[in-house]
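See structure below.
Only the coordinates and a few stated rules stand behind these numbers; no lab work does. Owing to the predicted nature of the structure, the values given are computational and were not obtained by experimental measurement. Heads up, the Cβs are rebuilt from the backbone with ideal geometry, glycines too, and the neighbour counts pull from every protein chain shown.
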Amino acid sequence: MFLSPDFTRSLSITTPDQMIEKAKGETAYLPCKFTVGSEDQGPLDIEWLLSPADNQKVDQVIILYSGDKIYDDYYQDLKGRVHFTSSDLQAGDASINVTNLQLSDIGTYQCKVKKAPGVANKKIQLTVLGKLFVLMLLIIG
């Protein structure tokens with residue numbers, strides 16, 4: 001029996017892995033667009049994790065969507081500064097904004113999307129540049 005690719009496709013994140021550079025105080029948009037397959041019938045769970053750059057801390061959950069609710073108070077350093085960009089996460093956009101960037105926000109952010117039986121994840125490297133570095137770039141550039 002032959003199944004068409006459209007029928008067998010399962011959950012996938014369509015946003016490529018990437019690196020983002022922003023200046024301190026700016027807002028970083030971290031994209032995470034996904035599609036689900038016809039067999040992915042379970043509840044939608046979305047989890048964003050941060051692996052801090054210093055490697056001394058364990059991965060931290062920074063925002064979570066589960067059971068049609070958003071939980072954004074897991075990680076004290078980002079409390080009130082991380083938000084989903086879409087009001088309808090079921091539509092395939094799990095992207096987030098991190099506002100008022102700080103040097104402590106540097107690290108690898110991972111978007112994990114689960115809709116049983118499908119699971120997918122993508123990583124985004126975020127670098128926050130201090131004001132002195134940005135000024136040097138403007139002068140040199």
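Figures for the structure shown
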{"read-out": "Prolate/oblate/rounded call for region 12-140, Cα gyration tensor, a/c under 1.5 rounded", "value": "prolate"}
{"read-out": "At R0 = 25 Å, FRET efficiency that the Cβ-Cβ distance of Lys24 and Ser86 yields, to 0.05", "value": "0.45"}
{"read-out": "Residue exposure sequence - Asp54, Asp105, Asp93, Asp73 - by fewest surrounding Cβ within 10 Å", "value": "Asp54, Asp73, Asp93, Asp105"}
{"read-out": "26 Å Cα-Cα threshold exceeded, pairs from Lys24/Lys69; Lys69/Lys114; Lys22/Lys123; Lys79/Lys112; Lys69/Lys112", "value": "Lys24/Lys69"}
{"read-out": "Net charge of neighbours whose Cβ lies under 9 Å from the Cβ of Leu64, counting Lys and Arg as +1 and Asp and Glu as -1", "value": "-2"}
